[in-house]
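Here, each number is a calculation from the coordinates, and none is a lab measurement. Because the structure is a prediction, the values reported are computed rather than measured. Cβ placement follows ideal geometry from the backbone for every residue including glycine, while neighbour counts extend to all protein chains displayed.
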Amino acid sequence: MEVDIVVVEFGESTERFWEQFYGQNKGYIEQQYDLYRQNPDAVEASIKEIFDTYGAPEWMNQNHIVQNTSETVNTFTINNVKKLTSALKLVEAIRRFGHLDADIYPVGEYKETGETKAIDPANYGLTESDLKSIPATWLWEKAPSEVENGLDVVNTLKKYYTGTITFEYDHVNNDEERAWLFELIESGKARLELSPDVRKRILERLVHVEGFETFLQKTFVGQKRFSIQGLEVMVPMLDQIVNDAITDKVENIMMGMAHRGRLAVLAHVLGKPYDRIFSEFHSSPNKELIPSEGSRGINYGWTGDVKYHFGAKREVKEGDETTRITLAHNPSHLEFVNPVVEGFTRAAQDDRSQRGNPVRDVNKAFCVVIHGDAAFIGEGVVAETLNLSGLPGYNTGGTVHIIANNLLGYTTDREDGRSTRYASDLAKGFEIPIIRVNADDPISCISAIKIAYEYRKKFNKDFLIDLVGYRRFGHNEMDEPRTTQPKLYQEIDNHPPVTKVFATALEERNIINTNHLQELEESVENELRHIYTSMKENETVETEVLNMPKELLSDLDIYETAIDLESLKDLNEGLLKRPEGFNGFKKTEKILKRREAAFDEGNKADWGTGEALAYASIIKDGIPIRFTGQDSERGTFAHRHAVLNDTITGQKYVPLHGLDEAKASFEIRNSPLSEVAVLGFEYGYSIQSPETLVIWEAQFGDFANVAQIIFDQFIGAARAKWGDKSNLIVLLPHGYEGQGPEHSSARLERYLQMAAENNLIIAYPSSSAQFFHLIRRQAAMGGHDEARPLIVMTPKSSLIRNTRVSSAAEEFTDGKFEPLKNQPNLEINKDSAKRLLIGSGKVMVEIEEVIENSGENYDWLRALRLEQIYPFPKDELEKVLKELPNIEEIVWVQEEPKNMGAWDFVDDYLQELITDGQKLRYIGRPDRSAPATGLPNVHKFEQNLIIQQAIKFSEGGNSSAGN
């Protein structure tokens, strides 16, 4: 279904108020302003208020002041001016507050509220006679010819602003945008006049949507489906925006929505076959159903999900052009799909084939996000995502937002669910224009979506439609809403569906006959019944349990990550080049200059150098990189300096953009102070562009806690549930440096807890070369079935600057990432070793330093660094143990408390490896409720005790520092 609309181009905005004055009243105002300039109190109070508010009349200047005659003063009294100014205020109030009296509620106690005082003429001391005495053009410069006087003006503007479609846009600060909306509304073109054929097609579409839901309700009694009924018009609205996008040759439409109405959207907008949907309902009254052989299959993950969480994809071909429509998979956590879909969209807009930042075309893709009314104002992720809309690193050229407003949040009334009048009020803070529209008026709803699309197309900014309807049943079809909202549901029970409301309107226009609706309903019912009865019965007694793809079991060691020394040096040299005339900050340039000799004989590359070369070599390989996070351009610990600032001009320069060898884009952005929206965005980007290495970095590792839902529902489980493959890297600074409970732990244990079925890679590298190989391996996996997210515990300030994490050239040019690594500077004596000490990260570097400085004999000690905790390198560790015949104990050491860190994860693996006569011991902090102490001296004592216990061989059980 497609509707044509005339898109009007508008000129510059004008000062509306002063342009209302003409003729005699203009002269009178000039005379009064002269008096006001001499003494403001010399003029009547209402006149003074005008000048106080609006200043001097625009037409007055020092060189030309129209002279007033005594006749003007005598014939245009102060009372006339008071009436005129009151009428002007009334007209302006209708524009600003007309929405308060709009007919936007199909049902509910808000439907019959009566006229608000803000637009009541009596509130301004005006009668109908007063308004009739004022020429229309005095109040409305561009009044249509049939609008003759002030009363006509008021009635016409009320028609435009208080009908079934209403507008709120005064909060938009851009003059051009306001003028565009103003002219569209007041030209009378905001609400479309559709042809009879188009109206009939809309009715037919609504009948299909309503009939589908009614069929499901009767056939699968009591089963959850989160019906769209009460908001059926959403489907023809989405049809319209899809058709407009196809006409404009948009390549991708990205959609996100919660479960309300999802099945209807899947069936009617995404083209998911009816029989496929029927087959996903279990416990059918008479059969277990499988789709027909001709039904297009949709591939999901191996655990699957409930039917109202799945998304889908559809391709529409128009000549040689293809438009892809994607509805993202979404968990029950409302609104958290929003940033994911924005990430989809940005990835679809970016051209990453050349060095530098990606080249973006916002016309290649846009997104539509459908919100719940309670969730839009209630869930913080909404505000975080809206904040991304104007940021250079995240802008997607405007999103069309639709609030599926059913007046309730589960059983919660709006008075208990928000402090604002409207669910959409949050959008005002981001200067997003708002249309509110009655879901029982399909013409107004189609008009609203047309305006939203054209606004986004013209201004590349967000637009919001508050689609106000109701919920025919409870929160789900097993819920009884009459328990909590008996009065509302008494009205809903007696309220006809939109198909009946719209059909009645068409009958009154003689567009359809009285039997037309019934005939359509019977046709849809017969179609669905035929599909259902034609489906085959699944006679399989037991459902087959699916397993993860075999590719996830493959060896990650298949990827080559070393590069030759000459290339390494060339890249390092290229990173130190600067544009001619660039004025770098001397302190920073001095630090970076040290990298120049990193690969000379006897020298080593520190963490920052190794990281920079990892990214440089990846884009040299033609793999694009996108990197965001809080303060990531410089790095929280001032080690990265990926973006340099000219001290004179303030211009930014990215050394990775200047590499001659680069064959793909590199984009690095400081993110806003957000975790959940930014991480969701980056996850979405990685799904849409699997060949891109997408990296998100937390300022401190524990800040990622705020984004726990993104980890739990998307990063950790999306492939198993939905089949989504992501190659995302998450960098989490981690390590105990005495900075207190909130800046010590990245909560490693939480990621290990969700690690299963090779869904993640969790690593804790302890050298620059290890990090280099790890990142290059992850980049190489992009786009392959082995791909999965990588969670990295990264060093903080003390470890980044510790020379022991630096690596020699041969560590970059030879070998690969080692999941299990020998402890450096500790002589290996296989026969003498009695203790096998295993640990990860910073504590192992500190143990290395203490051992080297002690001068003692440690031939009884064999130590390993577990650099990849998951997948756990069991085979490698078992091989080491077989070479140690006299091991008496395996000791796990960590700086985290016992109930945190990796202990509870690794102990199961280690327990399987010990043999008779061997013990498994733990050394570290005891169980704690807070991750770390806030007292520096206590921290130092505990840390030293852990290290000493780790390198002192003694009999006994577990050791916990601080006990």
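Tabulated data
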read-out: Size of electric dipole in region 196-537: Cβ of Lys, Arg +1 and of Asp, Glu -1, about Cα centre, debye, nearest 20; value: 620 debye
read-out: About the Cα centre, charge dipole magnitude for region 556-813 (Lys/Arg +1, Asp/Glu -1 at Cβ), debye; value: 620 debye
read-out: Neighbour-count ranking [beta-carbon atoms within 10 angstrom, fewest first] of L656, L528, L506; value: L506, L528, L656
read-out: Karplus 3J(HN,Hα) series, Hz, for region 450-456 with 6.51 cos²θ - 1.76 cosθ + 1.60 (x for Gly, Pro); value: 5, 4, 4, 5, 5, 5, 4
read-out: DSSP beta bridges in the chain [antiparallel fraction, %, rounded to 5]; value: 30 percent
read-out: In region 812-862, the GluC sites (Glu not before Pro) that fall in loop regions by DSSP, at most 12 other Cβ within 10 Å; value: E827, E856
read-out: From the C-alpha gyration tensor of region 338-381, square roots of 5λ in Å; value: 29, 11, 6
read-out: Sorted by Cβ density within 10 Å, fewest first, the residues T420, T326; value: T420, T326
read-out: Computed magnitude of the charge dipole of region 170-228 (debye, nearest 20; Cβ of K, R +1, Cβ of D, E -1); value: 680 debye
read-out: Value at 222 nm in deg cm²/dmol, rounded to 500, when DSSP H runs of n ≥ 4 in the chain each add -39,500 (n - 2.57); value: -11000 deg cm²/dmol
read-out: For F167, residues with placed amide H under 5 Å, excluding near neighbours; value: H99, R436
read-out: Inverse of mean 1/r across different Cα pairs in region 90-182, Kirkwood, Å; value: 14.2 Å
read-out: Point-to-point label distance, T116-E49, nm (Cα→Cβ direction, 7 Å offset); value: 1.9 nm
read-out: Anisotropy class of region 176-231 from Cα gyration tensor, a/c 1.5 cut; value: oblate
read-out: In region 89-143, the trypsin sites (Lys or Arg not before Pro) that fall in loop regions by DSSP, at most 16 other Cβ within 10 Å; value: K111, K142
read-out: Degrees separating the helix 936-951 axis from the principal Cα axis of the chain, which is the longest one; value: 40 degrees
read-out: Anisotropy class of region 543-682 from Cα gyration tensor, a/c 1.5 cut; value: oblate
read-out: Lys/Arg +1, Asp/Glu -1 at C-beta; region 556-813 dipole; positive extreme among A779, Q739, S617; value: Q739
read-out: Value of Rg/Rh across region 572-629 [Cα atoms, Kirkwood radius]; value: 1.00
read-out: Size of region 820-960 as Cα extents on the principal axes (Å, biggest first); value: 43, 35, 27
read-out: Euclidean distance of C-alpha centroids, region 444-489 and region 637-710, integer Å; value: 36 Å
read-out: Sorted by Cβ neighbour density within 10 Å, fewest at the top, the residues R352, R346, R509; value: R509, R352, R346
read-out: Distance between modelled label sites at R578 and A638, nm, 7 Å Cα→Cβ extension; value: 1.8 nm
read-out: Viscosity 0.692 mPa s, 37 °C: Kirkwood-radius Stokes-Einstein D of region 556-813 over Cα pairs, µm²/s; value: 176 µm²/s
read-out: Protection proxy ranking, peptides 609-617, 172-180, 146-154, average beta carbon neighbours within 10 Å, highest first; value: 609-617, 146-154, 172-180
read-out: 5 angstrom amide H check on S840, placed H, neighbours 5+ away; value: L866
read-out: Evaluated at q = 0.05, 0.07, 0.10 Å⁻¹: base-10 log I(q)/I(0), Debye formula over Cα of the chain; value: -0.41, -0.74, -1.17
